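Worksheet: the structure to be examined is printed underneath.
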């Protein structure tokens with residue numbers, strides 16, 4: 001990697017052209033990534049991409065006048081002092097807040113580069129251009145904020161926020177809730193049946209662990225294979241399957257862990273309390289994210305849990 005202070009004016013201009021091209025393509029990637037679900041945000045990044053394109057053309061015009069047609073390929077990774085960037089194509093799914101934060105960091109870094117580059121060159125025309133670009137990069141944040149305000153006034157960003165919440169509901173909450181309900185409720189019967197049949201807490205723990213992990217794997221595959229998300233908009237099947245499987249296993253392991261306690265009566269009491277906590281959490285999640293009335297959600301969850309719990313105790317008592 002070369003030290004910035006060792007670059008010539010020709011190399012500084014070539015590097016500036018490369019930086020503007022990279023920033024332009026990053027903003028284009030952001031715009032394309034958000035276009036389907038967040039068109040207003042995509043429009044903001046489209047506007048920023050167009051401004052970077054104008055900067056690049058101005059730099060190329062000055063470079064061509066001074067040094068000719070050939071522009072050497074000098075990239076940010078060839079010069080010390082630049083921040084490493086994670087490739088956008090590896091960041092999926094794109095998140096609004098992280099994209100806006102990265103855009104802000106990009107503008108600040110490019111502005112500092114132009115300020116340092118302007119101080120490093122002696123050519124009046126090149127220095128003037130670099131100073132102008134530094135000032136324009138400084139105003140880019142205001143430009144982005146103005147674009148965003150325009151979208152807010154039109155109600156577009158409010159609609160996008162609603163769309164973001166809907167995506168979170170479809171991709172995370174729904175599969176997670178389905179897994180938590182299945183893991184918390186369906187594993188009650190085998191865990192407590194084993195506990196009351198053997199009066200051995202370690203045996204109950206092993207049965208509960210096997211039931212939880214097995215249910216997690218089964219539910220994970222079932223959710224992932226249910227649809228690929230292209231038509232329903234429910235997101236990547238791997239994400240949904242992972243969330244559903246993990247929450248299923250967690251729901252079962254919660255009331256399985258108390259059976260690590262050797263005293264049978266104490267272990268079952270703690271496990272019963274954990275079950276109540278799990279059912280309360282499920283009730284609150286259904287009320288908060290699924291708009292289910294709190295009383296109705298509590299009645300549905302408690303009734304299902306009570307039936308499965310009683311089934312396990314009854315079978316284990318034979």
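The values are calculated or read from the model by the stated rules, or taken from the named source; none is laboratory data. None of the values given here were measured: they were computed from a predicted structure. All Cβ positions, even for glycine, are placed from backbone atoms using ideal geometry, and neighbour counts span all protein chains on display.
Tabulated values for the structure
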{"item": "Selected residue (criterion: modelled with the highest pLDDT) from residues of segment 254-266 that are in a helix (DSSP H, G or I) and exposed (fewer than 15 other Cβ atoms within 10 Å of the Cβ)", "result": "266"}
{"item": "Residue in segment 3-57 that is modelled with the highest pLDDT, counting only those that are in contact with a helix residue (DSSP H, G or I) (Cβ under 6 Å, 6 or more places away or on another chain) and outside any helix (DSSP H, G or I)", "result": "35"}
{"item": "Residue match in segment 133-152 (condition: under 23 Å from residue 7 (Cβ atoms), modelled with pLDDT of 85 or more and loosely packed, with under 14 Cβ neighbours inside 10 Å)", "result": "no"}
{"item": "Test for residue 74: is it in contact (Cβ under 8 Å) with a residue 40 or more places away in the chain and outside any helix (DSSP H, G or I)", "result": "yes"}
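Here's the yes/no breakdown for (1) outside the structural domain of residue 219 (by TED's automatic domain parsing); (2) assigned to a helix (DSSP H, G or I); (3) surrounded by fewer than 13 Cβ atoms within 10 Å (Cβ to Cβ):
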position: 252; (1), (2), (3): no, yes, no
position: 268; (1), (2), (3): no, yes, no
position: 273; (1), (2), (3): no, yes, yes
position: 280; (1), (2), (3): no, yes, no
position: 287; (1), (2), (3): no, yes, no
position: 292; (1), (2), (3): no, no, no
position: 300; (1), (2), (3): no, yes, no
position: 304; (1), (2), (3): no, yes, no
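One line per residue, one yes/no per condition, for (1) exposed (fewer than 15 other Cβ atoms within 10 Å of the Cβ); (2) more than 20 Å from the chain's Cα centre (by Cα):
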| residue | (1), (2) |
| --- | --- |
| 37 | no, no |
| 64 | yes, yes |
| 71 | no, yes |
| 76 | no, yes |
| 96 | no, no |
| 118 | no, yes |
